[in-house]
Amino acid sequence: MQFGVILPYSRRHELEADKLGVDYMHNAGYDTRESVRLWELMAAQSEGQRPAEFMSTHPDPLRRAEELKRYINARGYALM
């Protein structure tokens, strides 16, 4: 039950939190592209050590980076 119901909601909440963090970064004058770099670095550091995303409460780091790229571009914070 947990895999099919709870985990997808947890991942969605993590992605929403990432976007909120980018909004705060932008409003504070920080370069929002650095959030993408963070998740790319996290992906490189955890390569081959992460469980499949469907078994995790957190989205895959590369997915987070891609979601943030789209969000940053859509909001006009920076072009990536």
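The values are calculated or read from the model by the stated rules, or taken from the named source; none is laboratory data. What you are looking at is a predicted structure, and each value in this text was computed from that prediction instead of being measured. For neighbour counting, all protein chains shown are included, and Cβ atoms are generated from backbone atoms with ideal geometry for every residue, glycine included.
Could you give every pair whose Cβ atoms fall below 6 Å, whose first residue belongs to the stretch 37-54 and is under 25 Å from Met25 (Cα atoms) and at pLDDT below 95, and whose second residue is of a type outside the set (Lys, Arg) and in a helix (DSSP H, G or I), counting only separations of at least 6 or pairs across chains?
From the stretch 37-54, the pairs are Met42/Pro61; Ala43/Pro61; Ala43/Leu62.
Any residue at all in the stretch 55-72 that's at pLDDT 95 or above, loosely packed, with under 13 Cβ neighbours inside 10 Å, part of a helix (DSSP H, G or I) and out of contact with any helix residue (DSSP H, G or I) (no Cβ under 8 Å at 6 or more places or on another chain)?
Scanning the stretch 55-72, I find at least one residue that is at pLDDT 95 or above, loosely packed, with under 13 Cβ neighbours inside 10 Å, part of a helix (DSSP H, G or I) and out of contact with any helix residue (DSSP H, G or I) (no Cβ under 8 Å at 6 or more places or on another chain), so the answer is yes.
Name the pairs: first residue in the stretch 8-23 and in a helix (DSSP H, G or I) and of a type in the set (Asp, Glu), second residue surrounded by 11 or more Cβ atoms within 10 Å (Cβ to Cβ) and at pLDDT below 90, Cβ to Cβ under 7 Å, at least 6 apart or on different chains?
Glu14/His58; Glu14/Pro59
Are any residues in the stretch 27-46 assigned to a loop (DSSP other than H, G, I, E, B) and in contact with a helix residue (DSSP H, G or I) (Cβ under 9 Å, 6 or more places away or on another chain), and if so, which ones?
Once the filter is applied, which keeps residues that are assigned to a loop (DSSP other than H, G, I, E, B) and in contact with a helix residue (DSSP H, G or I) (Cβ under 9 Å, 6 or more places away or on another chain), the stretch 27-46 yields Tyr30, Asp31, Thr32, Ser46.
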